[in-house]
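Quick notes on the structure that follows.
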Amino acid sequence: VQLQASGGGLVQAGGSLRLSCAASGRTFSFNAMGWFRQAPGKERDFVADISWSGGITRYADSVKGRFTISRDYAKNTMYLQMNSLKVDDMAVYYCAARRQWTTSINTSEYDYWGQGTLVTVSS
């Protein structure tokens with residue numbers, strides 16, 4: 001399984017970006033997916049996750065109400081719509097997938113990772 005994250009870039013505070021995570025290879029081998037982010041000098045933190053069906057989503061408190069996670073099964077792609085961006089959202093964003101049906105906020109429980117895409121928010 002290969003995950004390719006894209007969509008990062010430079011945006012002003014208050015702006016929006018949409019990240020994409022395209023999956024290829026044995027896409028039938030994973031189920032739940034998630035987004036994580038890592039700011040310089042900090043640990044990789046949970047942002048949002050989504051169940052295999054797409055019917056269950058969860059968000060970190062810091063992004064709740066501003067970010068939306070979704071999946072397009074026909075395109076084997078997961079998205080993260082980020083609105084009302086803040087300087088604190090600036091980080092490298094990683095997409096991840098796991099073989100289990102259930103979602104998880106823990107990085108250690110994901111089996112596949114994308115390479116990351118940088119989001120820069122200017123004040």
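The values are calculated or read from the model by the stated rules, or taken from the named source; none is laboratory data. Just so it is clear, the structure is predicted and the values come from calculations on it, not from any experiment. Note: ideal-geometry Cβ built from the backbone for every residue, glycine included; neighbour counts use all protein chains shown. Keep in mind that these areas ignore ligands, DNA and RNA; they rest on the heavy atoms of the full protein, side chains included. Shrake-Rupley method; radii C 1.70, N 1.55, O 1.52, S 1.80 Å.
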Accessible area of the chain belonging to carbon and sulfur atoms, whole % at 1.4 Å probe: 48 percent
Of the trypsin sites (Lys or Arg not before Pro) in the stretch 6-48, those whose Cβ has at most 16 other Cβ within 10 Å and which sit in DSSP loop: 26, 42
Net charge over other residues, Cβ less than 12 angstrom from the Cβ of residue 51 (K, R count +1; D, E count -1): +2
Where the chain is the region considered: accessible area per residue in Å², 1.4 Å probe: 52 Å²
Total formal charge among the other residues, if their Cβ is under 15 angstrom from that of residue 29, Lys/Arg +1 and Asp/Glu -1: +2
Inter-centroid distance (Cα atoms) of the stretch 94-113 relative to the stretch 4-21, Å: 21 Å
Spin-label pair residue 66/residue 42, simplified geometry with 7 Å Cα→Cβ offset, distance in nm: 1.1 nm
Ordering of 7-17, 78-88 by burial proxy (mean other Cβ atoms within 10 Å per residue, highest first): 78-88, 7-17
